[in-house]
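Q: A single structure is presented below for examination.
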Amino acid sequence: MSATVSLTNNALRFHQPIRLGLFGGDIEIGNLFWPDAVHDPKQFSFSAQGKRLQLEEVTEALSCHRFSGTLTGSIPKVRSTANLLQTQGDIQAEVFGGRARISRFEIENPFSSLASIKLDARLDGIQLEQLSKTFEFGRISGILEGSIDGLVLIDGEPSEFRADLHSVERSGVEQRISVEAINKITVLSSGQNAGALYGGLAAFFDSFRYSKLGFKATLKNDKLTLRGVETRGDQEFLVVGSFLPPTVNIISHTQNIAFSELLRRLERIKADKPDAK
């Protein structure tokens with residue numbers, strides 16, 4: 001790596017972009033500048049561009065759940081101070097056969113163990129089959145779109161957000177949900193397994209057709225408010241069955257819940273093994 005660097009009155013500037021081969025793709029860092037590199041090294045700015053980064057390598061490096069896909073995007077400007085790192089412009093990722101767009105990304109106290117991350121995200125054309133397979137959530141086919149606004153992550157866990165995620169119909173794309181996925185959604189929304197709520201219906205089929213799938217949720221102060229993709233009276237439908245059999249509806253039986261309890265339910269479904277057929 002070679003670059004032209006200047007240092008004038010403690011101001012440090014890289015005049016050429018820095019290009020790195022990383023995570024199976026290419027990263028370019030440009031306009032790297034420290035106004036006072038000697039006395040205030042935490043204050044700096046730069047632009048960034050990533051091409052074809054392999055998310056499997058990125059998630060492994062970050063010790064996250066590994067999943068495949070590519071990340072391509074550019075950030076016109078990143079500005080860092082002692083207590084805040086902010087981006088200007090959108091970060092776009094090609095993932096799960098669709099696209100995720102991240103905006104208003106910022107990190108408070110980026111150089112502290114108490115750092116918090118804030119962002120808004122928009123999902124388009126996400127392949128539910130890839131998503132459910134990656135996170136071992138049974139099998140769900142279809143397309144997912146929606147938004148996650150005001151997401152705040154502290155110590156790697158959400159503390160606040162507003163989410164609206166739902167399936168969209170696409171020509172030639174089947175919409176089905178497996179018994180395993182039905183059971184896991186039911187455990188998350190009610191704390192009970194599907195057999196307790198739907199009787200022996202799930203024993204006769206491996207999967208069911210649906211016409212709509214999704215939810216609206218708001219999290220603040222450990223209180224999660226969960227709403228369905230469709231409301232009928234006082235019932236919130238997380239999954240709405242199709243007209244053609246076999247079909248099933250999943251109703252949210254828990255509209256207000258402590259987020260810590262939802263995490264316990266998530267650990268429960270991770271520990272449960274799907275029944276062999």
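Q: Add -39500 (n - 2.57) for each DSSP H run of 4 or more in the chain, then divide by its residues: what number comes out at 222 nm, to the nearest 500 deg cm²/dmol? List each step's numbers first, then the result.
A: Working: 5 runs with 44 residues, N = 277.
It lands at -4500 deg cm²/dmol.
Q: Could you give me the percent of Cα pairs per 10 Å distance bin for the range 70-128, shortest bin first, beginning at zero and ending with the bin that holds the maximum distance?
A: Pair shares across the bins are 23, 42, 27, 7, 0.
Q: Whole-Hz ³J(HN,Hα) for each residue in the range 242-247, computed from phi via Karplus 6.51 cos²θ - 1.76 cosθ + 1.60 with θ = phi - 60°, x for glycine and proline: what do you get?
A: 7, 6, 8, x, x, 9
Q: Excluding same-chain residues fewer than 8 positions from residue 77, which lysines have a Cα within less than 16 Å of its Cα?
A: 42
Q: Given the Cα-Cα distance of residue 147 and residue 223 and 0.36 nm per residue of separation, how much length would full extension add, in nm?
A: On the way: separation 76, 0.36 × 76 = 27.36 nm, distance 1.94 nm.
Taking residue 147 through residue 223 to full extension adds about 25.4 nm, to one decimal.
Q: Simple spin-label model, 7 Å along Cα-to-Cβ: residue 22 to residue 234 in nm?
A: 5.4 nm
Q: Enter the mean projected area of the convex hull around the alpha-carbon atoms of the range 1-96, in nm², rounded to one decimal.
A: Taking a quarter of the hull surface, the average projection is 7.0 nm².
Q: Between beta-carbons, use under 10 Å as the cut-off and find the net charge around residue 70, counting Lys and Arg +1, Asp and Glu -1.
A: Taking every Cβ under 10 Å from that of residue 70, the sum is 0.
Q: Across the range 11-161, how large is the tail of the calculated P(r) beyond 28 Å, expressed as a percent of all Cα pairs? It would help to have the intermediate numbers written out before the result.
A: Working: 2755 of 11325 pairs.
For the range 11-161, the share of Cα pairs beyond 28 Å comes to 24 percent.
Q: Output the 0 to 90 degree angle, nearest 10, between the alpha-carbon long axis of helix 259-271 and the longest principal axis computed from the alpha carbons of the chain.
A: Computed tilt is about 70 degrees.
Q: Please list, ordered by chain and number, the residues whose modelled amide H lies under 5 Å from the amide H of residue 47; skip anything fewer than 5 residues away on the same chain.
A: For residue 47, the qualifying residues are 30, 31, 32, 78.
Q: Please turn the phi angles of the range 218-232 into ³J(HN,Hα) values with the Karplus equation 6.51 cos²θ - 1.76 cosθ + 1.60 (θ = phi - 60°), one per residue in order, whole Hz, x for glycine and proline.
A: After applying 6.51 cos²θ - 1.76 cosθ + 1.60, I find 10, 10, 7, 6, 6, 9, 9, 9, 10, 10, x, 6, 8, 10, 10 Hz.
Q: In addition: Provide the gained length on full extension for the span residue 206 to residue 134, in nm with one decimal, where the gain is 0.36 nm per separating residue minus the Cα-Cα distance.
A: Stretched out fully, the residue 206 to residue 134 stretch lengthens by 24.0 nm.
Q: Which of 133/223; 184/270; 184/212 have a Cα-Cα distance over 20 Å?
A: Over 20 Å Cα-Cα: 133/223.
Q: Counting pairs of Cα atoms in the range 28-80, how many percent are more than 18 Å apart?
A: That fraction is 49 percent.
Q: Something else now. Over the Cα atoms of the range 1-55, what Rg and Dmax result, in angstrom?
A: 13.0, 41
Q: Against the longest principal axis of the chain, how steep is helix 179-190, in degrees 0 to 90 to the nearest 10, with axes from Cα atoms?
A: 80 degrees
Q: Pairs of alpha-carbon atoms within less than 8 angstrom and 6+ residues apart define the contacts here; what relative contact order does the range 216-274 have, in percent?
A: It rounds to 29 percent for the range 216-274.
Q: Using r as the Cβ-Cβ distance of residue 170 and residue 122, and R0 as 25 Å, what FRET efficiency do you calculate, to the nearest 0.05?
A: 0.90
Q: With just the Cα atoms of the range 104-152, tell me how far they stretch along each of the three principal axes, in Å, largest first.
A: 40, 20, 11
Q: Could you give the length gained on full extension between residue 72 and residue 271, defined as 0.36 nm per residue of separation minus the Cα-Cα distance, in nm?
A: 68.2 nm
Q: Let me ask you something else. Taking H placed 1.01 Å from N in the peptide plane, check which residues at least 5 places from residue 249 or on another chain put their amide H under 5 Å from its amide H.
A: Placed amide hydrogens put 241 under 5 Å from residue 249.
Q: Quick one, can you get me the convex hull of the C-alpha atoms of the chain expressed as volume per residue in Å³?
A: 144 Å³
Q: Quote the FRET efficiency, to the nearest 0.05, computed for residue 109 versus residue 52 with a Förster distance R0 of 22 Å and r equal to the Cβ-Cβ distance.
A: 0.10
FYI, it's all coordinate maths here, none of it is from the lab. Since this is a predicted model, take the numbers as computed values, not measurements. Virtual Cβ from ideal backbone geometry, glycine too; neighbours counted across all protein chains shown.
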